[in-house]
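The values are calculated or read from the model by the stated rules, or taken from the named source; none is laboratory data. Just so we're clear, the structure is a prediction, and the values are computed from it rather than from any experiment. Using ideal geometry, Cβ is built from the backbone for each residue, glycine included, and neighbour counts are taken over all protein chains shown. Accessible surface is based on the protein model in full, side chains and every heavy atom, while ligands, DNA and RNA are left aside. Shrake-Rupley method; radii C 1.70, N 1.55, O 1.52, S 1.80 Å.
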Amino acid sequence: MSFNEFVQTLPLLDHHAHYLIKGDVVNRSHRLLRVSSEADAQYPIADTANRLAWSAFQKVARQFDAATDAAYRAGTPAAEALQPMDASAYRQYNRRVFAAYNYRTLFIDTGFVPDDAILDLDQTADLTGLTVRPIYRLETHAEKFMERYNNFDEWSQHFLDAVSQVRAQGYVGCKSIAAYRVGLQVTTVREQDAHRAFDLWRAHFEDTGSSRLEDQDVINYLLGLVAPALIEQHLPLQFHVGYGDADTDLYLGNPLLLRSFLQRFCYDGLQVVLLHCYPYHREAGYLASVFPGVYFDTSLVNNLAPSSTQSVVRESLELAPYSRYLFASDASTYVEMYAVAAQTFKDALAAQLDSVETADTAQKQAWARMVCYDNAAQLYGVPLSTTN
């Protein structure tokens, strides 16, 4: 068995994923095409259709669905070839694809809800044949608490109380989207400054009905507020980093901006997970090599920039230990996105490890297992893989 063949057999724990959607939506091709890019709805769909990601998703659909393959062979345009499925066919299709790439576990960020989402995690588990666990998105819940409490002290206390119980409620981690909203320069905020910012946020909500949290003082304050509670629960804190939705300021998504936050909390036991990371994957690897408790993945490029995955994996591991690097897809909507992420990542990881001349095969196999499953299992406090 070649080293690549060995890696292909390894189980996967995807610690950063999103909701799948129902199988009977009428515009399946269009929806899959849209998620093959992080561009917003104003971006020309004709250009999105010329991305490598879209062709990769189509290849998966053809490989695992005979009806789709037949449509392509008959000359059906790609934008029409992927048809809706009834519940039974959709379940069989999803289970077939996830099993082919040896997915075992999904952690779903419950803060992002696409149209037509399957919100019940038990239904998702049945659809996929996988173990499914939720991730608690901090800003989303902070917004909900602000709608209920118009007083800063009540808001902050109730929010902290809720975060202090998330492990008991079945969540395996928390996530911040500070990078999307204000950037990653997370600094200490005085309570009076946070109080003043909260009052402005609340007044804006009362005037407009929008509870969207976009104030840097409030976000930075709440991150400092909940960090000790996460340490107490041994609950990792995820940060979006780098490449993502079109509304993110990529310049402010550099994980090096988190340095003061990491210095403040990582030495006390906070475990921080940097998500996506491209084009800052080298910076993320550096942080994982010098700070206790810092982990990272290079999700999203695996499926949306598949030609980059080999170089990204290689560069990510220039400094970082294999014990701090995790597989993730950041996939959503349809299973094809998960499939491309798994295939491109496993190919890239196998190539990187196969090129290592200073470790024997047993060590390289152990590192591969760690990256694909065991690092995340240990970090988030779930059982290790028991096979291969």
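Here are a few things to note about the model shown:
Yes/no matrix, rows are residues, columns are (1) among the small types (Gly, Ala, Ser); (2) farther than 23 Å from His234 by Cβ; (3) buried (at least 19 other Cβ atoms within 10 Å of the Cβ):
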| position | (1), (2), (3) |
| --- | --- |
| Ala168 | yes, no, no |
| Tyr171 | no, no, yes |
| Val182 | no, yes, yes |
| Ala194 | yes, yes, yes |
| Asp199 | no, yes, no |
| Ser211 | yes, yes, no |
| Glu214 | no, yes, no |
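- Here the condition is being open to solvent by less than 20 Å² (accessible area, probe 1.4 Å) and either among the hydroxyl-bearing types (Ser, Thr, Tyr) or over 23 Å from Gly242 (Cα atoms) (or both); of Ser37, Ser55, Ser88, it holds for Ser37 alone.
- In segment 277-388, counting only helices (runs of 4 or more DSSP H) that sit wholly within it, the ones holding 1 or more residues that are out of contact with any helix residue (DSSP H, G or I) (no Cβ under 9 Å at 6 or more places or on another chain) and open to solvent by less than 40 Å² (accessible area, probe 1.4 Å) span 375-380.
- Any hit, segment 101-112, residues being open to solvent by 70 Å² or more (accessible area, probe 1.4 Å), at pLDDT below 95 and more than 21 Å from Val25 (Cβ to Cβ): no
- Some residue of segment 246-260 being assigned to a loop (DSSP other than H, G, I, E, B), without any contact (Cβ under 8 Å) to a residue 60 or more places away in the chain and over 21 Å from Ile135 (Cα atoms): no
- Count of segment 68-80 residues which are open to solvent by 70 Å² or more (accessible area, probe 1.4 Å) and either in a helix (DSSP H, G or I) or closer than 27 Å to Asp249 by Cα (or both): 3
- The residues on offer are Tyr72, Tyr93, and the sole one that is among the hydroxyl-bearing types (Ser, Thr, Tyr) and modelled with pLDDT of 95 or more is Tyr93.
- Residues located in segment 236-272, provided they are under 14 Å from Val163 (Cβ atoms) and in contact with a strand residue (DSSP E or B) (Cβ under 6 Å, 6 or more places away or on another chain): Pro236, Leu237, Gln238
- Test for Ile231: is it assigned to a helix (DSSP H, G or I) and either surrounded by fewer than 18 Cβ atoms within 10 Å (Cβ to Cβ) or among the aromatic types (Phe, Trp, Tyr) (or both): yes
- Segment 13-66 holds helices (runs of 4 or more DSSP H) entirely within its bounds, and those carrying 1 or more residues that are closer than 21 Å to Leu127 by Cβ and either under 18 Å from the mean Cα position of the chain (by Cα) or not polar (S, T, N, Q) (or both) map to 28-34, 52-64.
- Hey, Asp109 within 25 Å of Val382 (Cα to Cα) and over 20 Å from the mean Cα position of the chain (by Cα) or not: no
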